[in-house]
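K.L.:
First, the structure itself, so that you have it in front of you.
The values are calculated or read from the model by the stated rules, or taken from the named source; none is laboratory data. Bear in mind the structure is a predicted one, so any value in this text is a computation, not a measurement. Here the Cβ positions follow ideal geometry from the backbone for every residue, glycine too, while neighbour counts run over all protein chains shown. We work out accessible area using only protein heavy atoms, side chains counted, and drop any ligands, DNA or RNA first. Shrake-Rupley method; radii C 1.70, N 1.55, O 1.52, S 1.80 Å.
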Amino acid sequence: MIKCTKEIEKSIREFGEQEYPNECCGLLFGKINSDNSKEITEILPISNAQNEENRYNRFLITPKDMIKGELYARKHNVDIIGFYHSHPDHPAKPSQFDLEHAWPVYSYIITSVINGKADVMTSWLLSSDRAKFENEEIN
């Protein structure tokens with residue numbers, strides 16, 4: 001399970017709408033609790049660095065942005081617990097591309113943005129064998 005405040009959910013949805021018809025992306029900061037649940041305390045929206053012609057269905061977070069996120073996390077005593085991105089005019093389910101590029105342990109929040117309006121928001125965890133995503137409850 002991943003805990004997400006209404007304010008953070010609203011920010012993710014608004015960023016997806018703002019970046020439509022392209023995918024938005026960003027980092028999830030927070031902590032992992034003793035029961036392995038995660039708690040999002042803040043997010044960092046990131047400019048999608050994917051080639052312009054592919055931004056509508058792909059996102060890219062550069063190594064420079066990852067380092068920026070790691071430094072922020074260290075300074076503020078939080079962890080990067082996952083990533084978020086949008087799926088413009090597609091379901092909030094991981095694509096084959098998402099599966100091929102994901103890392104175990106991290107949460108992957110996906111927000112479907114249909115005709116410019118944020119719709120369903122889901123969260124996913126990559127299985128330890130990297131074969132599939134498993135749905136993660138958002139609370």
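K.L.:
Taking the alpha-carbon distance from residue 117 and a cut-off under 21 Å, which lysines remain once sequence neighbours fewer than 8 residues away in the same chain are dropped?
P.N.:
The reachable lysines, counting only those whose Cα sits under 21 Å from residue 117, are 6, 10, 93.
K.L.:
Let me check something: with ligands and nucleic acids excluded, how do 101, 76, 85 order by accessible area (1.4 Å probe), largest to smallest?
P.N.:
Highest to lowest solvent-accessible surface, that is 101, 76, 85.
K.L.:
Please compute the modelled spin-label separation between residue 11 and residue 132, points set 7 Å along Cα→Cβ, answer in nm with one decimal.
P.N.:
Taking the two extended label points, one gets 3.4 nm.
K.L.:
Roll a 1.4 Å probe over the protein chains and send me the accessible area per residue for the stretch 5-71 in Å².
P.N.:
59
K.L.:
Right, next: Could you rank 78, 105, 113 by how accessible they are, 1.4 Å probe, largest area first?
P.N.:
105, 78, 113
K.L.:
Length gain on complete extension for the stretch residue 31 to residue 67, per 0.36 nm per residue less the alpha carbon to alpha carbon distance?
P.N.:
Answer, rounded to one decimal: 11.1 nm.
K.L.:
Going by accessible area, probe 1.4 Å, with all protein chains left in place, what is the ranking of 112, 34, largest first?
P.N.:
Sorted by accessible area, descending: 34, 112.
K.L.:
Out of the total accessible area of the chain (probe 1.4 Å, heavy atoms of protein only), what percent is carbon and sulfur?
P.N.:
Looking at the chain in its full context, I get 49 percent from C and S.
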